[in-house]
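The values are calculated or read from the model by the stated rules, or taken from the named source; none is laboratory data. All values reported here derive from a predicted model rather than from experimental measurement. Cβ: placed from backbone, ideal geometry, glycine included. Neighbour counts: every protein chain shown. Protein only, heavy atoms only, side chains kept; ligands, DNA and RNA dropped before computing areas. Shrake-Rupley method; radii C 1.70, N 1.55, O 1.52, S 1.80 Å.
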Amino acid sequence: MSSRGAQGSGALRALPKVDELLDIASAQGSLTRVPRPVLKAAVRDVVEGLRAWIRTEEPTEEEAAARMRADVLVRAVEAAAARRRAHSLEPVVNATGVVLHTGLGRAPLAPAAAEAARCAAQACALEIERGSGERGQRDRVVGELLCELTGAQAATACNNNAAATLLAVNTFALGKEVIVSRGELVEIGGSYRMPAVIERGGAKLVEVGTTNRTRIADYRAAVSERTGLLMKVHTSNYRIGGFTEEATLEELAALGRELKIPVVHDLGSGLLRRSLVPYLADEPTVEESVAADPDLTLFSGDKLLGGPQAGICVGHRSAVEAVRKNPMFRAMRLDKLILAALEATLRLHLEGDAERTVPAIERLRLPIDVLRERAQGLREAVERVLSEARTRGGSWMSDLQVSLMEATSEAGSGSAPTIPIPTCCVALSHATVGAGEISRRLRLATPPVFTRVKDGSTLLDPRTLGEGDVERVAAALSSLNG
Ligand SMILES: *Cc1c(COP(=O)(O)O)cnc(C)c1O
């Protein structure tokens, strides 16, 4: 307490009481429709915000008094109430250049998929056969479409790939052992670590080989009557280089057939065919995995498939049926909105035009000359806002520098982490406002814009922009010109 200046403690004493400010706020016409608990929370936000400001900035008495004028306080409460009532998942602009950005919801849905989800919000024939009126299966159509797309015998889908892996382990190896190569015991992000998933699936992990080399003989030597599952995991988010060796999926599938032990491939990123994104050369495809013939191949719906969050299981009929009969499957089943969006995405792939109609694929394929053109268009839109700012004057934005910069985009979500994808960005920089601060201001703008920082500049990557996003970036910049 004693470290605070006398001015700070005076200003703290002058802070409005929550109840007093609440009385003033509730008397305002503009706030009468705000529910009482929300209004109270908004008033608390304002008072707490002022307290923090006084403590860190130690304003003079005049500065503090100006912030605590009744009309200024009321406007602050209005803004705080609006923030509290705003949708937390409002649309933002992804200008990061990371196509499958986990923080921004991974794959952007195709308009057809979003529309399908919107339609399914009403009553829909989710689990009823229309002919007989009897109970049907919610995953039937998605399963059929997945079989057509992948050539697998059977297919289903659940909540996400983590759930699919947990289900597979629990279905085939409950109380038994799962054999995995030491080089494949990956952590995919935060809480998803393969050893923990196997343990929580009710199985015991048996590691074989070494970090850099595992041979099929290592798996064979580890098999016993306790073995429930042989698992191969795609090391999505890292690569081992140099003196390495892995047993192939074909070898593992053959060993499983010989010893009558199920084989599961956790593929992760779910690129259906190589030709969809040819330069992702070291990313294994669903087609290759199914051709190697493991009992099950597992992958995400919202990575390179370009659909909603889902965990897709394709493979042998008996294996898919075993997973569907596991009581845990019911706890991880897909909701109708997701099923509708997944079905629509699979149909786009089946139409054979995913290069144009599935946004994740379309964005990954954008060639550099198109990106240079789009960067130029974006730069012009940004310049228009800045020249307005310069005419008006008095804003930090008058001194924002804009240029074009060649850089690299990323697939994201652990897909092809080592492959740089050439792009051309609009780079913003400022003599006194750092790139991190420019990025922060853009995140807090209306609408919010997410960027990345490189070499002291804030980069806006046109690769990840969607329809209307250039105008939205311009609107966001305008909203900062206060
Ligand atoms: C991404 C990934 C997962 C997790 O998938 P979610 O759909 O996010 O649950 C699991 N395994 C691999 C190999 C992955 O790449």
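Using the structure shown, decide if Arg443 is surrounded by fewer than 16 Cβ atoms within 10 Å (Cβ to Cβ), more than 16 Å from the ligand (Cβ to nearest atom) and under 19 Å from the mean Cα position of the chain (by Cα). It is true that Arg443 is surrounded by fewer than 16 Cβ atoms within 10 Å (Cβ to Cβ), more than 16 Å from the ligand (Cβ to nearest atom) and under 19 Å from the mean Cα position of the chain (by Cα).
Suppose the filter is hydrophobic (A, V, I, L, M, F, W, C) and buried (at least 21 other Cβ atoms within 10 Å of the Cβ); does Val370 pass it?
On the way: hydrophobic (A, V, I, L, M, F, W, C): yes; buried (at least 21 other Cβ atoms within 10 Å of the Cβ): no.
Taking the combined requirement at face value, the residue does not satisfy it.
Going residue by residue through the range 198-208, is there one that turns out to be under 10 Å from Gly228 (Cβ atoms), of a type in the set (Lys, Arg) and touching a helix residue (DSSP H, G or I) at 6+ places or on another chain (Cβ under 8 Å)? Yes, there is a match, as at least one residue in the range 198-208 is under 10 Å from Gly228 (Cβ atoms), of a type in the set (Lys, Arg) and touching a helix residue (DSSP H, G or I) at 6+ places or on another chain (Cβ under 8 Å).
Looking at the range 28-44, which of its residues are polar (S, T, N, Q) and part of a helix (DSSP H, G or I)? Steps first, answer last, please.
Restricting attention to the range 28-44, the residues satisfying the condition of being polar (S, T, N, Q) are 28, 30, 32.
Residue satisfying the conditions is Ser30 alone.
Considering each residue of the range 357-367, count those that are under 16 Å from Leu304 (Cβ atoms), open to solvent by 40 Å² or more (accessible area, probe 1.4 Å) and over 20 Å from the mean Cα position of the chain (by Cα), and give that number. Show your work before the answer.
Step one: filter the range 357-367 for residues under 16 Å from Leu304 (Cβ atoms), giving 357-366.
This time we only want the ones that are open to solvent by 40 Å² or more (accessible area, probe 1.4 Å), so: 357, 362, 365.
From what's left, over 20 Å from the mean Cα position of the chain (by Cα): none.
Counting residues in the range 357-367 that are under 16 Å from Leu304 (Cβ atoms), open to solvent by 40 Å² or more (accessible area, probe 1.4 Å) and over 20 Å from the mean Cα position of the chain (by Cα) gives 0.
Which ones in the range 235-274 are within 16 Å of the ligand (Cβ to nearest atom), in contact with a strand residue (DSSP E or B) (Cβ under 7 Å, 6 or more places away or on another chain) and at pLDDT below 85?
Ser236, Asn237
Quick one: is Leu109 surrounded by fewer than 13 Cβ atoms within 10 Å (Cβ to Cβ), of a type in the set (A, V, I, L, M, F, W, C) and under 30 Å from Glu343 (Cβ atoms)? Against the criterion (surrounded by fewer than 13 Cβ atoms within 10 Å (Cβ to Cβ), of a type in the set (A, V, I, L, M, F, W, C) and under 30 Å from Glu343 (Cβ atoms)), Leu109 does not qualify.
Number of residues in the range 275-303 that are near the ligand (Cβ under 10 Å from one of its atoms) and in contact with an Asp or Glu (Cβ under 9 Å, 6 or more places away or on another chain): the value is 2. Please work out if Leu339 is outside any helix (DSSP H, G or I), open to solvent by less than 60 Å² (accessible area, probe 1.4 Å) and within 16 Å of the ligand (Cβ to nearest atom). So Leu339 does not fit the description; no. The criterion of being more than 18 Å from Gly151 (Cβ to Cβ), of a type outside the set (Phe, Trp, Tyr), surrounded by fewer than 17 Cβ atoms within 10 Å (Cβ to Cβ) and modelled with pLDDT of 95 or more holds for Ala331. Selection of the range 285-298 for residues being part of a loop (DSSP other than H, G, I, E, B) and open to solvent by 30 Å² or more (accessible area, probe 1.4 Å) yields Asp293, Asp295.
On the given criteria, is Glu406 open to solvent by 50 Å² or more (accessible area, probe 1.4 Å) and either of a type in the set (S, T, N, Q) or under 22 Å from the mean Cα position of the chain (by Cα) (or both)? So Glu406 fails the test. Going by the structure shown, is Leu276 open to solvent by 10 Å² or more (accessible area, probe 1.4 Å) and among the aliphatic types (A, V, I, L, M)? No, not satisfied.
Conditions tested, residue by residue: (1) within 16 Å of the ligand (Cβ to nearest atom); (2) touching a residue at least 24 places away in the same chain (Cβ under 8 Å); (3) surrounded by 16 or more Cβ atoms within 10 Å (Cβ to Cβ).
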position: Glu380; (1), (2), (3): no, no, no
position: Ala389; (1), (2), (3): no, yes, yes
position: Ser413; (1), (2), (3): yes, yes, yes
position: Pro422; (1), (2), (3): no, yes, no
position: Val426; (1), (2), (3): no, yes, yes
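In summary, strands (runs of 3 or more DSSP E) completely within the range 127-217 and bearing 2 or more residues that are open to solvent by 30 Å² or more (accessible area, probe 1.4 Å) and more than 16 Å from the ligand (Cβ to nearest atom) occur at 204-208.
Contact map, the range 188-210: first residue at positive phi, second residue open to solvent by less than 50 Å² (accessible area, probe 1.4 Å) and in a strand (DSSP E or B), Cβ cut-off under 6 Å, separation 6 or more or different chains; pairs are Gly209/Ser181.
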